[in-house]
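Some notes on the structure that comes next.
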Amino acid sequence: MSKQCPECGEPIKGRIDKKFCSDLCRNAYNNKQNSDTTNYMRSVNNILRKNRRILLEKVEKGNGKANVHKDKLHEKGFNFNHITHTYKTKKGAVYYFCYEYGYLPIEKDFYFLVKWDSAGKV
């Protein structure tokens, strides 16, 4: 009795432990199994990349640092709900990062934007 491919139902030829008839079927099957997780991860990564691009643009215009109002970030489509990590200074200030670009909330809805340098400093 021959085994059938779980993706297309065709008989499987070859090794006894083979599970799929082809690489195409194996990939299609695994993509379907992981699609919910993959779609969520893809959407979060897209948000993070967009946030990073916005911060990069503002920081580069400010020669490495910038003060920006919250409304200016919202206009560009910045999403404050998604970050990659935080950094707490010795004085207790918390920077929020999207990869190597970050922001520190300061007074009156302004944010201080920075780039994390290669030495691990803000």
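The values are calculated or read from the model by the stated rules, or taken from the named source; none is laboratory data. These numbers were taken from a predicted model, which means no experiment stands behind them. Quick reminder, even Gly has a Cβ in these numbers, built from the backbone with ideal geometry, and neighbours come from all protein chains shown.
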Worksheet item: Which is without any contact (Cβ under 8 Å) to a residue 12 or more places away in the chain and over 16 Å from TRP116 (Cβ atoms), of ASP36, ASP71?
Response: ASP36
Worksheet item: Quick one: in the stretch 1-33, which of the residues that are of a type in the set (A, V, I, L, M) and over 34 Å from the mean Cα position of the chain (by Cα) is surrounded by the most Cβ atoms within 10 Å (Cβ to Cβ)?
Response: ILE12
Discussion item. Residues to consider are ASP23, ASP36; find the one that is out of contact with any helix residue (DSSP H, G or I) (no Cβ under 9 Å at 6 or more places or on another chain), under 30 Å from PRO11 (Cα atoms) and at pLDDT below 90.
Written reply: ASP36
Worksheet, complete the sentence: Residue hits (the stretch 54-70; exposed (fewer than 15 other Cβ atoms within 10 Å of the Cβ) and either in contact with a helix residue (DSSP H, G or I) (Cβ under 8 Å, 6 or more places away or on another chain) or not small (Gly, Ala, Ser) (or both)) are GLU57, GLU60, LYS61, ASN63, LYS65, ASN67, HIS69
Worksheet entry | Evaluation of LEU56 against (1) more than 18 Å from TYR96 (Cβ to Cβ); (2) part of a helix (DSSP H, G or I) (one fails), failing number | (1)
Discussion item. If ASN63 satisfies all but one of (1) of a type in the set (S, T, N, Q); (2) at pLDDT below 95; (3) within 18 Å of the chain's Cα centre (by Cα), what's the number of the condition it fails?
Written reply: (3)
Worksheet item: Yes or no: TYR111 in contact (Cβ under 8 Å) with a residue 12 or more places away in the chain and not hydrophobic (A, V, I, L, M, F, W, C)?
Response: yes
Response to the item:
Every listed condition ((1) modelled with pLDDT of 95 or more; (2) polar (S, T, N, Q); (3) in contact with a strand residue (DSSP E or B) (Cβ under 7 Å, 6 or more places away or on another chain)) holds for SER2 save (1)
Discussion item. Please verify whether TYR29 is among the aromatic types (Phe, Trp, Tyr), at pLDDT below 95 and farther than 30 Å from GLU75 by Cα, treating the condition exactly as stated.
Written reply: yes
Response to the item:
(1) more than 16 Å from LEU48 (Cα to Cα); (2) aliphatic (A, V, I, L, M); (3) in contact with a helix residue (DSSP H, G or I) (Cβ under 7 Å, 6 or more places away or on another chain) all hold for LEU73 apart from (1)
